[in-house]
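All remarks here apply to the structure that follows.
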Amino acid sequence: MIDKNFIQSIDDWHHKSPDETLSLLKTSTEGLSQKSAEQRALEFGSNELPKPVRPHILMRFLSHFHNILIYVLLSAAVITALLEHFVDTAVIVSVVIINALIGFLQEGKAEKAMDAIRNMLALKAKIIREGKHQSISAESLVPGDIVLLEAGDKVPADLRLLSIHGLKIQEAVLTGESITVEKHIEATEAESSLGDRFSMAFSGTTVASGEGIGVVVATATQTQIGRISGLLSSVETLNTPLVIQMARFAKLLTLFILTVAAMILLFSYYVLHQDFTTIFMAVVGLSVAAIPEGLPAVLSITLAVGVQAMAKRNAIVRRLPAIETLGSVSVICSDKTGTLTRNEMNVVSIVTGKDQFEITGTGYEPSGEIKVDKTTVNVAAYPLLEEIGLAATLCNNSRLLHDNEHWSVEGDPMEGALLALSGKTGINIIKTREEWLRTDVIPFDTKYKYMATLNHDHDNNAFIFVKGAPEVLFDLCTLQRCSNHENEPIDKFYWKEQADSIAAQGQRLLAFALKPVMPGHTVLEHDDITDSLIFLGLVGLIDPPRAEVIEAIAECHRAGIEVKMITGDHALTAVAIGKQLGLHHSEKVLTGIELEKIDDKALPDAIMQTGIFARTSPEDKLRLVMAMQSSGMTVAMTGDGVNDAPALKRAGVGIAMGRTGTEAAKEAAEIVLTDDNFASIVAAVREGRTVYNNLKKVISWTLPTNAGEAMTIITAILFGLSLPITPIQILWVNMITAVTLGIALAFEPIEEHTMQRPPHPRNESLLSGGLVWHIILVASLFLVGIFGIYEYALWKGYTENLARTIAMNTLVCMEIFHLLFIRNMHNIIWGWKSIRATTTVWISISMVVFGQFALTYLPWLQSIFETEAVGLFDMLVILGISVLMFLIIELEKQIRIRWTK
């Protein structure tokens, strides 16, 4: 038996030798006995992650009623029901239920990330037990099991590799590194980052090529994926700014309404000695007028409209409030591979003994230009380019695929890039491979760091083509090819200087060489490679940045949004890409190991001076996000791998990649990009800012009108006057205008200069000083306008019902002109432009006018709402009062804005 706690406490298996690992696990290359495996299964448990506890679907629905403003609305519904005002009750309850349904249907369930990670475990594992090869369920693996790996396998547990043959593993889901990782069995440094533990194979990663044997050192929650799962379950999801502000606003509004209602009730009863039942019903009317019962639904609909707009921008929203959060984003933390870059290796440079070439083109398409000193060259004038292209074609195991104008690679991405290069040098890949028959091959092996093929053509020519690490081929070559097909002694100093220069640009290097052999030479041995090779040149590869991302990042900077690159890739590569993208502080990079040495207090300052974070672990990414949030930043985090999931969940807005992203990343995020493009994130931020602006417009339109209604009722109560508008009429006005005029504001287009303003502060109050002043001003004008026309109607001898009908129509007309003002509340616009509106606005106004005409002139509605027909002259008076109100608030705006400037 082995000590379970001792084994699980070891975190540096990569630092131990194969023999030491087998000894600690008390196993051998023959595998465990069946009895030992069964005992360990009881002790360590199943190789699967624990299932999370989820709230019941009913509880998730009811959670949308957990808001103090909703509680007040429901209380008002109960009171109106007790007073047998059932129409009022039905309207209020309907609004509350619709609001909850919208939120429930739109919100994503981020906790599914646990399921997504669990599904990443391989279903089957090939193992050795008692010296026999077996295939078992991955859930049955225990520490000490010997696992066999081959191309295409998903690694079923964390393994310490014992033997390998050309083993390459794709670890992007854990590290974010774009290319496959070459494995070896030698121990690595104890402080190696996850991406540098070459002696390990991690659960959930995929074998790209080669084969290997490893011993299980960790299962289930002890694996790297399991640790991320535990980290994810402990991450607290932050509330969005809108949720925080609406909660604060709802509490203040509720307290204010209840306080005012109670004071008026007490003052009227004890001081003015009014009838309690009468005054109580008036206070209920005040509550109905003051509470913006349509506001929660209109806000949700505004967010839902934003969902549709963002879907057109390739961004799928899983949680409704995340849209508004985008408007306050002050920093975007982006993964490199596939988001800022194309996730396609490209050859971008070739160095020969005389020239340095720049290679253009995108993706794996075998076409592009080859330049020297920014000038396109004729490839035929450079025979050495064709030789390099020939070597890249023949010393290659991959294939290019073409489907519907899209080029892809079957095999290693780096080899796919080499085939694309071959096409750019004028080589017909398929025809060349048919003409040059491969008779033998030495596969790539980390021990030798090269690949070699032996090829014969139909003219009895035979060549050995070699590609590999430059430092290895420098020592294997004695000659170098000149541009005129002649050879000269190799200048190792020159080549090492060139290699260092290319590597400093973040490019990955490959060297090419060849050797002519006799036609009868048909077997390839390592001894054939050790002398007389002719060096052809160096090739530099990189995962290039997306062209549109450069402008997108520049737009972010203009909008006051910082962009940070957080990647699992190497620092040099990340810096090279960062400079091309124009990131701020791109020359400053911190690695995961360096981050661990910075304490939490100093970390925020270090982040501000750093543009790139490389070789980062999931814990590093989460720590970076939390440090930025502690500095008051609203963070958007992008990612596609399991390693990104905890940070995605913690960030203000988690943005996952839809094409290449793992399910774990998608489920932890609030937004999923369908095109994996950073430019789409910026477009989404633009939409988010528009949504926030429209939300502010909705609130700025709703609160002054409700305040005006409430002040009208308060004035009537305090002065012992009859109400100019009845509670049911107020409820009708609130309902019809909220679902028409209020919603129209949700469709307002993107304003000019939206992305030239800094993000609004996360803690910005919905009730700013400017809005409070606007509420007081407009409410006062509403009070004067409604009471003035009501008293005017009574003075003319109209019935009380007709006077109230005129007052109600005045209220609606003033709300329409207030809407036209709100659309341009921050712009200095005068004349026709100040009232010109979108088609949606005019449709909404038409619906309101139609509804008011029906309420005013249809007999059956007159009987319900106690209205009477209004004459043409009085309608013109109503219009005149509304225009006067518009002119007053427009003039105030012009004076205020110009004075401020």
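The values are calculated or read from the model by the stated rules, or taken from the named source; none is laboratory data. Every value quoted in this text rests on a predicted model; they were computed, and no experiment measured them. We place every Cβ from the backbone using ideal geometry, glycine too, and count neighbours over all the protein chains shown.
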Pair list, Cβ under 7 Å, 6 or more apart: region 190-212 residue more than 17 Å from L149 (Cα to Cα), other residue among the basic types (K, R) and at pLDDT below 90: S193/R615; G195/R615
Flag if A665 is within 18 Å of M808 (Cα to Cα) and either in a helix (DSSP H, G or I) or at pLDDT 85 or above (or both): no
Residue in region 1-43 that is modelled with the highest pLDDT, counting only those that are under 43 Å from the mean Cα position of the chain (by Cα), under 29 Å from E189 (Cα atoms) and small (G, A, S): S17
Whichever residue in region 398-430 is within 20 Å of V441 (Cβ to Cβ) and exposed (fewer than 15 other Cβ atoms within 10 Å of the Cβ) and, among such residues, is nearest to the chain's Cα centre (by Cα): E410
Neighbours by Cβ (under 9 Å, 6+ apart or cross-chain): first from region 35-63, exposed (fewer than 15 other Cβ atoms within 10 Å of the Cβ); second at pLDDT below 70 and among the basic types (K, R): K51/R118; P52/K112; R54/K109; R54/K112; R60/R54; R60/K109
Residue that is modelled with the highest pLDDT, among those in region 308-350 that are assigned to a loop (DSSP other than H, G, I, E, B) and within 30 Å of L384 (Cβ to Cβ): M345
Set V347, V351, V409, V372: member being more than 16 Å from L541 (Cα to Cα) and hydrophobic (A, V, I, L, M, F, W, C): V372
Residue within region 862-883 that is within 24 Å of E748 (Cα to Cα) and either modelled with pLDDT under 90 or not acidic (D, E) (or both) present: yes
Qualifying residue in region 758-778 (condition: farther than 30 Å from H557 by Cβ, in a loop (DSSP other than H, G, I, E, B), in contact with a helix residue (DSSP H, G or I) (Cβ under 8 Å, 6 or more places away or on another chain) and of a type in the set (A, V, I, L, M)): yes
Counted residues, region 604-621 - those being part of a helix (DSSP H, G or I), touching a residue at least 60 places away in the same chain (Cβ under 8 Å) and out of contact with any strand residue (DSSP E or B) (no Cβ under 7 Å at 6 or more places or on another chain): 2
Single unsatisfied condition, S367 versus (1) surrounded by fewer than 19 Cβ atoms within 10 Å (Cβ to Cβ); (2) closer than 22 Å to A554 by Cβ: (2)
Residue, modelled with the lowest pLDDT, within region 752-766, restricted to residues that are surrounded by 13 or more Cβ atoms within 10 Å (Cβ to Cβ) and out of contact with any Lys or Arg (no Cβ under 9 Å at 6 or more places or on another chain): R762
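So in region 556-591, with the set limited to residues that are of a type in the set (G, A, S) and under 22 Å from the mean Cα position of the chain (by Cα), which one is nearest to P545 (Cα to Cα)? Please lay out each step first, then the result.
Filtering region 556-591 for residues of a type in the set (G, A, S) gives 559-560, 568, 571, 574, 576, 578, 582, 586.
Narrowing further to those that are under 22 Å from the mean Cα position of the chain (by Cα): 559-560, 568, 574, 578, 582, 586.
On the way: A559: 21, G560: 22, G568: 16, A574: 11, G578: 9, G582: 11, S586: 14 Å.
Per the criteria, the residue is G578.
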Scope region 145-166; condition assigned to a strand (DSSP E or B) and closer than 11 Å to A218 by Cβ; matching residues: D158, L159, R160
Search result, residues across region 357-378 that are farther than 30 Å from D640 by Cβ and touching a residue at least 24 places away in the same chain (Cβ under 8 Å): F357, E369, I370
Where K496 falls short, out of the listed (1) part of a helix (DSSP H, G or I); (2) in contact (Cβ under 8 Å) with a residue 40 or more places away in the chain; (3) touching a helix residue (DSSP H, G or I) at 6+ places or on another chain (Cβ under 8 Å); (4) not hydrophobic (A, V, I, L, M, F, W, C): (2)
Unique residue being surrounded by fewer than 21 Cβ atoms within 10 Å (Cβ to Cβ), out of contact with any helix residue (DSSP H, G or I) (no Cβ under 7 Å at 6 or more places or on another chain), among the charged types (D, E, K, R) and modelled with pLDDT of 90 or more when the list is E525, E486: E525
Test for L703: is it modelled with pLDDT under 80 and under 30 Å from I786 (Cα atoms): no
Any hit, region 821-828, residues being part of a helix (DSSP H, G or I) and of a type outside the set (A, V, I, L, M, F, W, C): no
Scan of region 131-165 for residues that are surrounded by fewer than 18 Cβ atoms within 10 Å (Cβ to Cβ), under 27 Å from G338 (Cβ atoms) and in contact (Cβ under 8 Å) with a residue 60 or more places away in the chain, ordered by number: E150, A151
Selected residue [outside the structural domain of A504 (by TED's automatic domain parsing), out of contact with any strand residue (DSSP E or B) (no Cβ under 6 Å at 6 or more places or on another chain) and either part of a helix (DSSP H, G or I) or touching a residue at least 24 places away in the same chain (Cβ under 8 Å) (or both)] from L624, L590: L624
Criterion (in contact (Cβ under 8 Å) with a residue 60 or more places away in the chain and assigned to a helix (DSSP H, G or I)) met by exactly one of L723, L695: L695
Condition met for V642 (more than 28 Å from F198 (Cβ to Cβ) and surrounded by 24 or more Cβ atoms within 10 Å (Cβ to Cβ)): no
Of all residues making up region 853-883, the number that are of a type outside the set (F, W, Y), without any contact (Cβ under 8 Å) to a residue 60 or more places away in the chain and in a helix (DSSP H, G or I): 9
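Within the group T302, T259, T254, which residue is more than 25 Å from A647 (Cα to Cα) and either at pLDDT 80 or above or in a loop (DSSP other than H, G, I, E, B) (or both)?
T259
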Segments classed as strands (runs of 3 or more DSSP E), wholly inside region 394-493, with at least 2 members that are in contact (Cβ under 8 Å) with a residue 24 or more places away in the chain: 406-410, 437-445, 450-456, 462-468, 477-481, 487-489
Extreme residue, surrounded by the most Cβ atoms within 10 Å (Cβ to Cβ), among residues of region 166-194 that are over 26 Å from I566 (Cβ atoms) and not hydrophobic (A, V, I, L, M, F, W, C): G166
